[in-house]
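Only the coordinates and a few stated rules stand behind these numbers; no lab work does. Bear in mind the structure is a predicted one, so any value in this text is a computation, not a measurement. Backbone-built Cβ (ideal geometry, glycine too); neighbour counts: all protein chains shown.
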Number of protein chains: 2
Amino acid sequence: MALPRGYLFAAGEGGLRTHGSGPDVALIYSAVPARVAALFTANRVKAAPVLVSRDHLRRGRGIAQAIVVNAGNANCATGEHGMRAARMCAKRAAELLQIAPHQVLLASTGVIGVPLDARRITDLLPALVRRLHPECCAAVSQAILTTDTRPKIASRTISLDGQRITILGMAKGAGMIYPRLAPPAPAARSATMLAFLFTDAAVESRYLRKAAQRACERSFNRISVDGDTSTNDTLFLMANGAAGNAPVREKTPAAPRFFEALVEVAQQLALELVRDGEGAKKVAEIRVERARSEQQAEAIARAIALSPLVKTALAGADPNWGRILSACGNAGVAFDPGGVDIYINRIRVCKNGAAANFDEAAANQQLAAKEVLIRVVLSQGKTEARFWTCDFTEDYIRINASYRT
Amino acid sequence: MALPRGYLFAAGEGGLRTHGSGPDVALIYSAVPARVAALFTANRVKAAPVLVSRDHLRRGRGIAQAIVVNAGNANCATGEHGMRAARMCAKRAAELLQIAPHQVLLASTGVIGVPLDARRITDLLPALVRRLHPECCAAVSQAILTTDTRPKIASRTISLDGQRITILGMAKGAGMIYPRLAPPAPAARSATMLAFLFTDAAVESRYLRKAAQRACERSFNRISVDGDTSTNDTLFLMANGAAGNAPVREKTPAAPRFFEALVEVAQQLALELVRDGEGAKKVAEIRVERARSEQQAEAIARAIALSPLVKTALAGADPNWGRILSACGNAGVAFDPGGVDIYINRIRVCKNGAAANFDEAAANQQLAAKEVLIRVVLSQGKTEARFWTCDFTEDYIRINASYRT
């Protein structure tokens with residue numbers, strides 16, 4: 001896997017996991033200050049690491065050099081103690097790396113409401129700093145997992161200005177996955193999905209933020225496992241410029257090429273998250289086509305992806321298109337039910353809002369596959385939107401009815 | 001059980017059920033024309049019986065005398081054929097009862113998208129008309145069930161103007177239960193919950209509609225089993241005046257007394273629906289207190305009640321208040337997380353947005369009960385709202401992953 005220049009990684013065990021053991025703390029370091037685009041959860045309850053990172057980015061004017069991440073404890077709903085714990089971690093990492101505290105960003109995932117013992121992290125940091133190495137990115141992608149069954153990591157290399165630039169991404173999250181990420185504006189809204197993207201490209205700040213947000217709208221903000229948006233969702237996109245290209249700016253030829261690679265990495269990771277969703281046995285791409293507007297298409301795709309009845313029908317490989325149509329009707333947007341066609345892969349199961357003549361056994365067979373495409377054709381315009389969801393299985397219930405106890 | 005005067009009921013088997021057998025068609029008849037308040041689903045996809053009932057009420061200026069109900073087939077997404085089928089049922093009942101077709105209302109529940117064979121209903125209607133009897137209300141409450149495990153029926157008798165008046169209610173629905181009922185205005189939105197309420201009180205039309213809507217906002221519109229609003233949700237409140245009281249109007253002393261009895265019947269039925277929710281083993285009342293506004297309290301209570309993570313924690317009897325707080329943050333309304341206290345029955349599990357000092361085993365024990373009260377105290381004002389939800393269990397998945405196949 002191609003790695004971007006100038007990034008070093010380390011992971012270790014701080015004993016923060018309540019279930020099992022293994023690495024649960026990670027440090028990521030860019031040898032030079034990097035421009036950072038950050039997106040945080042839309043949940044109004046925001047974890048301490050989200051609040052502290054937001055503050056640090058403001059103070060550092062969008063420049064940072066390190067990320068401290070932990071799994072096992074979300075450091076959310078932990079009051080002032082949680083804020084102090086988060087700041088202590090940043091401060092210790094800053095001392096060891098000889099950078100300013102606000103150049104350190106934070107992210108946490110795990111149980112909500114349990115005080116974080118910061119020393120489990122700060123005591124480990126010296127060892128992590130010694131271990132920093134480009135190849136340890138795989139160890140980091142492992143250390144940040146919670147109920148995930150496998151790490152998610154992706155990389156793309158393209159050529160810009162004759163320079164090879166690489167985008168590396170890693171992400172975690174199998175439950176409480178319904179990211180609705182927004183920029184850290186004063187009115188910012190706040191998921192636990194964590195996604196970290198690193199590039200050695202030089203990218204102008206404003207375009208970096210725009211690219212991060214747009215890429216997120218086509219990937220992480222278009223997936224759901226359970227419809228519960230976490231208090232800790234965080235996306236960091238770091239660009240350290242180590243590739244030596246001319247900075248990518250909007251409306252330059254390099255911009256769409258950089259953006260395309262970024263979307264590819266983000267979509268690959270987002271899809272991996274859904275595939276590994278808690279209890280998930282299959283993934284469905286919901287594609288709403290021929291909509292009047294992006295907003296209409298997206299609202300309908302989202303409503304289908306979130307419907308427990310669609311998700312359980314998916315689990316049962318039941319071509320129950322009536323549930324799909326009913327979910328469309330709950331999207332909160334106007335449309336003509338009589339103009340709706342629905343396809344399961346290539347089989348049209350609903351024509352003009354009523355039953356199409358189709359082979360039920362064949363549709364059932366298509367739905368038994370691990371990846372399914374559900375197309376809803378509105379016949380109202382030319383816009384389309386995609387959303388990815390997984391089936392809702394007994395395992396999801398089992399995992400979540402006994403998460404802590 | 002006390003019965004309102006002037007209502008006759010009958011049930012029979014039309015062979016509409018795809019699973020099992022038993023009565024699936026019901027006829028309800030008021031000996032005299034009754035004022036009707038109707039509320040239909042907010043789903044934008046509306047079943048034929050909803051559309052036809054809406055039309056009939058408009059034509060009959062809110063007066064009707066009969067209801068034909070069937071289970072086994074929702075007559076939704078059935079196109080023009082479905083509309084004709086619905087009208088045929090009304091027409092046949094009207095002929096037999098010697099009333100106008102628009103005095104017959106319709107309601108259906110069952111699978112979506114399967115053409116309804118109207119003759120299975122119309123052929124049965126003559127026998128139903130012959131069987132009409134006040135005591136057959138119990139048979140009707142049975143015939144309208146789908147995945148329900150038991151009928152839901154409730155009755156209250158009060159004295160108004162020296163006259164005894166009775167309100168009888170019946171309801172069905174165990175899945176696709178997240179009613180958001182609205183009046184049949186042109187912009188009406190459209191669940192499959194069916195609720196029928198009958199009173200022998202004389203009630204002025206305008207107040208009847210207002211009372212129905214307000215009672216619904218404290219009962220059926222405040223429950224969820226799975227968060228999926230059906231295409232067929234229907235509430236009919238019929239008032240035939242057979243008790244001979246002076247018509248109940250707004251701002252008369254009789255109004256609050258009538259309303260209180262109506263709310264009691266509606267709440268008892270709504271709570272029964274949640275208790276019998278698909279796979280449900282327990283019920284939680286979510287009570288948000290000390291809110292700034294009704295809207296804030298209601299949005300937060302709703303968000304908690306709909307969260308799969310709260311509902312699975314409930315199934316596991318896990319006092320995971322962090323999930324409750326996180327759900328509050330997803331309600332789309334502003335509040336101060338630092339001012340939130342959360343109680344499970346009488347145990348305070350969260351104080352000022354962080355962990356309270358509580359006995360985990362005791363909280364776990366409280367949650368193991370069949371009925372639990374979750375109180376979220378916002379400390380922002382004086383308003384409160386209640387919402388009822390059930391736990392999310394493996395049985396829910398089993399039932400819905402194999403509903404048709």
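Defining the label point at 7 Å along Cα→Cβ, can you sort the distances from A:VAL32 to the same site in each other copy, shortest first, in nm?
Label-point distances to the other copies, shortest first: 9.1 nm.
For a footprinting-style exposure proxy, rank A:VAL111, B:VAL69 by other Cβ within 10 Å, fewest first.
Final ranking by Cβ density, sparse to dense: A:VAL111, B:VAL69.
In Å³ and rounded to a whole number, note down the convex hull volume per residue for the Cα atoms of the range A:260-405.
Residue-normalised Cα hull volume stands at 115 Å³.
Would you calculate a helix-derived [θ] at 222 nm for chain A, using -39,500 (n - 2.57) for each DSSP H run of n ≥ 4 and dividing by the full residue count, to the nearest 500?
-9500 deg cm²/dmol
Sort A:MET170, A:MET88 so the one with the fewest other Cβ atoms within 10 Å of its own Cβ comes first.
Taking fewest neighbouring Cβ atoms as first place, the list is A:MET88, A:MET170.
Can you check how the C-alpha radius of gyration of the protein assembly as shown compares to 2.2 N^0.38 Å, as a plain ratio?
For the protein assembly as shown, the normalised Cα radius of gyration comes out at 1.02.
What are the nm distances, shortest first, from B:PRO253 to its equivalents in the other copies, labels at 7 Å along Cα→Cβ?
8.9
In whole Hz, what ³J(HN,Hα) sequence does the range A:303-313 give by Karplus (6.51, -1.76, 1.60; θ = phi - 60°), x for Gly and Pro?
4, 5, 5, 8, 5, x, 6, 5, 5, 6, 4
Quick one: what are the phi-derived ³J(HN,Hα) couplings along the range A:320-337, Karplus 6.51/-1.76/1.60 with θ = phi - 60°, whole Hz, x for glycine and proline?
3J(HN,Hα) across the range A:320-337, in whole Hz: 7, 5, x, 5, 5, 5, 4, 5, 4, x, 9, 6, x, 10, 6, 6, 9, x.
Distance in whole Å from the B-onto-A rotation axis to the closest C-beta of chain B, together with the residue it belongs to, please.
Measuring from each Cβ to the axis, the minimum is at B:GLU394, 2.
List, shortest first and in nm to one decimal, how far the label point of A:GLU13 (7 Å from Cα along Cα→Cβ) is from its counterparts in the other copies.
When each copy's label point is compared with this one, the spacings are 6.4 nm.
Under a Cβ-Cβ cut-off of 12 Å, what is the net charge of the residues other than B:PRO151 that fall near it, where Lys and Arg count +1 and Asp and Glu count -1?
Once all neighbours under 12 Å are counted, the net charge is 0.
So who's got an amide H within less than 5 Å of the one on A:ALA201, skipping anything under 5 residues away but keeping other chains? H placed 1.01 Å off N, in plane.
Distant-sequence amide H within range of A:ALA201: A:THR166, A:ASN240, A:GLY241, A:ALA243.
When the Cα centres of the range B:1-80 and the range B:298-362 are compared, how far apart do they sit, in Å?
39
Which of the listed residues, A:ALA143, A:ILE177, A:ALA211, is farthest toward the dipole's positive end in chain A, when Lys, Arg count +1 and Asp, Glu count -1 at the beta-carbon?
Result: A:ALA211, furthest along the dipole toward the positive end.
Might you report the magnitude of the Cβ-based charge dipole of the range B:175-288 about its Cα centre, with Lys and Arg at +1 and Asp and Glu at -1, to the nearest 20 debye?
With only Lys, Arg, Asp and Glu charged at Cβ, the dipole is about 420 debye.
As an exercise, identify the GluC sites (Glu not before Pro) in the range B:230-308 lying in DSSP coil whose Cβ has no more than 16 other Cβ atoms within 10 Å.
B:GLU250
Among B:SER155, B:LEU8, B:TYR343, pick out the residue whose Cα is farthest towards the positive end of the charge dipole of chain B, where Lys and Arg carry +1 and Asp and Glu carry -1 on C-beta, about the Cα centre.
Final value for the positive-end residue is B:LEU8.
Can you work out ³J(HN,Hα) from phi for every residue in the range A:116-127, in order, using Karplus 6.51 cos²θ - 1.76 cosθ + 1.60 and θ = phi - 60°, giving whole Hz and x for Gly and Pro?
Taking θ as phi minus 60°, the curve returns 8, 7, 4, 5, 4, 8, 5, 5, 8, 4, x, 5 Hz for the range A:116-127.
Can you compute the charge dipole magnitude of the range A:283-400 about its Cα centre, using +1 on each Lys and Arg Cβ and -1 on each Asp and Glu Cβ, nothing else charged? Give it in debye, rounded to the nearest 20.
240
Could you give the C-alpha radius of gyration of chain B expressed as a fraction of 2.2 N^0.38 Å, taking N as the number of residues it contains?
Normalised by 2.2 N^0.38 Å, the Cα Rg of chain B equals 1.00.
When we measure straight from the Cα of B:LYS46, which lysines land under 19 angstrom away, once same-chain ones fewer than 8 places off are left out?
A:LYS351, B:LYS172
Please report how far the C-alpha centroid of the range A:224-248 lies from that of the range B:241-289, rounded to the nearest whole angstrom.
Rounded to whole Å, the Cα centres lie 50 Å apart.
What do you get for trypsin sites (Lys or Arg not before Pro) in the range A:315-405 restricted to DSSP loop and a cutoff of at most 14 other Cβ within 10 Å of the site's Cβ?
A:ARG346, A:LYS370, A:LYS382
List the residues whose amide H sits under 5 Å from the amide H of B:LEU106, counting only those 5 or more places along or on another chain, with H placed 1.01 Å from N in the peptide plane.
HN-HN under 5 Å from B:LEU106: B:SER53, B:VAL68.
Kindly provide the chymotrypsin sites (Phe, Trp or Tyr not before Pro) of the range A:281-353 that DSSP labels as loop, not H, G, I, E or B, and whose Cβ sees at most 12 other Cβ atoms within 10 Å.
Loop-located and lightly packed - none at all.
I'd like the FRET efficiency for B:SER21 and A:ASP359, computed as 1/(1 + (r/R0)^6) with the beta carbon distance as r and R0 of 22 Å, rounded to 0.05.
0.20
Sorted from fewest to most neighbouring beta carbons within 10 Å, what does the list B:ILE177, B:ILE374 look like?
Ranking B:ILE177, B:ILE374 by Cβ neighbours within 10 Å, fewest first, gives B:ILE374, B:ILE177.
Of B:LEU51, B:ILE28, B:SER108, which is farthest on the positive side of the dipole of the range B:7-275, counting Cα position, with +1 on Lys and Arg Cβ, -1 on Asp and Glu Cβ, and the Cα centre as origin?
Value computed over the given set: B:LEU51.
Can you compute the charge dipole magnitude of the range B:7-275 about its Cα centre, using +1 on each Lys and Arg Cβ and -1 on each Asp and Glu Cβ, nothing else charged? Give it in debye, rounded to the nearest 20.
600
Taking 56 Å as R0, compute the FRET efficiency from the Cβ-Cβ separation of A:ARG131 and B:ARG218 and round it to 0.05.
0.40
When we measure straight from the Cα of B:LYS281, which aspartates and glutamates land under 18 angstrom away, once same-chain ones fewer than 8 places off are left out?
A:GLU394, A:ASP395, B:ASP148, B:ASP226, B:GLU272, B:ASP318, B:GLU371, B:ASP391, B:GLU394, B:ASP395
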